[in-house]
Amino acid sequence: MADTVDDPWGAVRVTTVLASVCVIAMMVVSVPPNRAAVAYWALTATSTAIIIAVLVWLVFGWPSKARRAHGVCAAGLLVVTAALNWAAGVVGDLENISAFYPLISMTVLCLVVMVYRGAVYPAWVVVACIVAMGVVVGVVARIPGWVEAAFPIAMGATFFAISGAVVVLRGMLGEILEVMDRRSVLSARTRRTLEARSRREERIERLAGQVRPVLVEVAAGRPLTEDDLQQARLLELGLRDGIRGAALDVPEIAEAARAARARGVRVTLLDDGGLETAPSRIRAMLLDTIVPLVVSELRALSHGELIVRVMPPGRDTAAIVTTHHADDRVRRVTVGWDGITAPLS
């Protein structure tokens, strides 16, 4: 999980949505077939849905560490789309292929995105298959303009130029992507450092407000009462919480733990670092769940013990809250990484 940084694909995502809407609108008002309208529109609708799904997958859902199978799958779907378009043209007995220009444009757009995603060779295989399909089907079906339909030169030039540049500059592209990854890691690390500093300064300020009255009494030479000593012991335990349970060192828990210890409740806060590696958004969401849960358990205890543990990175659960009641009842609640709590038997 990584913190959010500047997204270079933001504009591409907006373009994808607009292109998908435009293609659907253009296909609805496209040239009607001369025969077999039901079959024609069924084939056209299927090919439109597939190519939009492929483009959305390439832009929105493409894995950061895509394998060769991902590129092969995208290429196969684009070839299927081209086959459905030709089948629709033959079934509908079209006089020309102008009705399919929007889908051809979407195909070129998909191929360009495939190249940028690193699936260069699958994209070229798609081009070869579409050209071969256009040559064979166009001649057999005697569809005018089949040469242009095989792969429009005007739109194909964009793909040829971009794919050629990517192949030539592949090493440089890899370095650029590596720099972007480093920037992402550095940004996340800087953000976590600033958040930790802010929490530390807040904690110091809070502890200073608690320690100051005791220090004033000592500086004035007055004898310390039993209540003063009790407050000092509670402060020491609070300091230990900040060291052992850093992620749980928030004002709400600190105040509830202090009040519970004053009643004789044993409180143990442990942080094994799981939240530290989580993005800020996930960390905030989990604390919004953990903090009220811990405060509620502390306020409900008059005797007994409460143990809160933030789990290490990589565990299935983010935290476990264990409550030992005075009558030997034990209640355990887990907090998942999705923020959902569940009793642990």
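Scanning region 222-251 for residues that are part of a loop (DSSP other than H, G, I, E, B) and touching a residue at least 40 places away in the same chain (Cβ under 8 Å) yields Gly245, Asp249, Val250. Of the helices (runs of 4 or more DSSP H) lying entirely inside region 29-135, those carrying at least 2 residues that are of a type in the set (Gly, Ala, Ser) and surrounded by fewer than 20 Cβ atoms within 10 Å (Cβ to Cβ) are 37-56, 68-92.
Within region 312-336, the residues that satisfy the criterion of being outside any loop (DSSP other than H, G, I, E, B), within 28 Å of the chain's Cα centre (by Cα) and of a type outside the set (A, V, I, L, M) are Thr317, Thr334, Gly336.
Within region 194-215, residues that are open to solvent by 100 Å² or more (accessible area, probe 1.4 Å) sit with their Cβ atoms under 9 Å from residues that are among the small types (Gly, Ala, Ser), at 6+ positions apart or across chains, in these pairs: Arg200/Gly242; Arg200/Ala246. How many residues does region 268-278 contain that are open to solvent by 10 Å² or more (accessible area, probe 1.4 Å) and either out of contact with any helix residue (DSSP H, G or I) (no Cβ under 6 Å at 6 or more places or on another chain) or in contact (Cβ under 8 Å) with a residue 40 or more places away in the chain (or both)? Number of matching residues: 6.
Scanning region 294-311 for residues that are open to solvent by 30 Å² or more (accessible area, probe 1.4 Å) and either in contact (Cβ under 8 Å) with a residue 24 or more places away in the chain or within 28 Å of the chain's Cα centre (by Cα) (or both) yields Arg299, Ser302, His303, Glu305, Ile307, Arg309.
The values are calculated or read from the model by the stated rules, or taken from the named source; none is laboratory data. No experiment lies behind these values; they were computed from the predicted model shown. FYI the Cβ positions are ideal-geometry reconstructions off the backbone, even for glycines, and counts take in every protein chain you see. For the accessible areas, the whole protein counts, side chains as well, though only heavy atoms, and no ligand, DNA or RNA atoms are used. Shrake-Rupley method; radii C 1.70, N 1.55, O 1.52, S 1.80 Å.
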